[in-house]
Amino acid sequence: MTDGNEGYTSLLLTDRQGRYNPTAAVVTRMLGRVRTIMWAQVVAVDAPPETNAPVTVQVQPLVGMSDSQGNNFPHGIISAIPAVRLMSGNGAVIADPVAGDVGFLFVCDRDSSSAQQNLAPSAAPTARMHDMADGVFWGGWGNDAPTNFIKFNSDGTMEWQDGVGNQMFTGVGFVNFITPALQVNGVPISVP
């Protein structure tokens, strides 16, 4: 922000005074260009139907930018950002983001495009550093309450619910299904 005395610069009058302040001003400006983690909102999703295909999103950072006069303006849209799926070996929990989801954009410190493409150790193809184009989106903060979920409770029990009203609860020595019709291997089961 400005106090009206700085004109069209981001330097403050005190940044020019003494031996320490000019160096601190330069370092502060340089650190201001380093991107690490930022809040972002999904604008669009490219989620191929294959379960092992990478999901990418377009995101807009939620914290705006400001110019040297303190005027705020929004970031542009950042495209082709990989989105996180919880995967390990041949298992996965797939809950791809949708437009409107809010989460974090984690920004890699170097150009990661070769590593993303090769999925192996790769040299950075450019000298790009701390660039939002090298981010990874991890979402799910502050979104609407889910209608489809698997919940692992701290007491060791589990809850499962889909978006059409079927539910499952576990407890010590039982599994409880709540559904209008129960089938096993396609055969309807009558439960008294």
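For the reader, a short list of remarks on this structure follows.
- Selected residue (criterion: farthest from Asp96 (Cα to Cα)) from residues of the stretch 37-84 that are in a strand (DSSP E or B) and in contact with a His (Cβ under 8 Å, 6 or more places away or on another chain): Met65
- Checked against the criterion of being under 24 Å from the mean Cα position of the chain (by Cα) and surrounded by 10 or more Cβ atoms within 10 Å (Cβ to Cβ), the stretch 173-184 contains not a single residue that satisfies it.
- Considering residues of the stretch 146-172 that are surrounded by fewer than 11 Cβ atoms within 10 Å (Cβ to Cβ) and hydroxyl-bearing (Ser, Thr, Tyr) only, the residue nearest to Asp96 (Cα to Cα): Thr147
- Strands (runs of 3 or more DSSP E) lying entirely in the stretch 98-192 (those with 2 or more residues that are in contact (Cβ under 8 Å) with a residue 40 or more places away in the chain and touching a Gly at 6+ places or on another chain (Cβ under 7 Å)): 102-107, 135-139
- In the condition set (1) in contact with a Pro (Cβ under 9 Å, 6 or more places away or on another chain); (2) surrounded by fewer than 16 Cβ atoms within 10 Å (Cβ to Cβ), Phe73 is compliant with all but (1).
- Lone qualifier among Asp162, Asp101 - being at pLDDT 90 or above and in the same structural domain as Gly173 (by TED's automatic domain parsing): Asp162
The values are calculated or read from the model by the stated rules, or taken from the named source; none is laboratory data. Note that the structure is predicted; figures quoted are calculated from it, not measured. Reconstructed Cβ throughout: ideal geometry from the backbone, glycine too, with neighbour counts over all protein chains shown.
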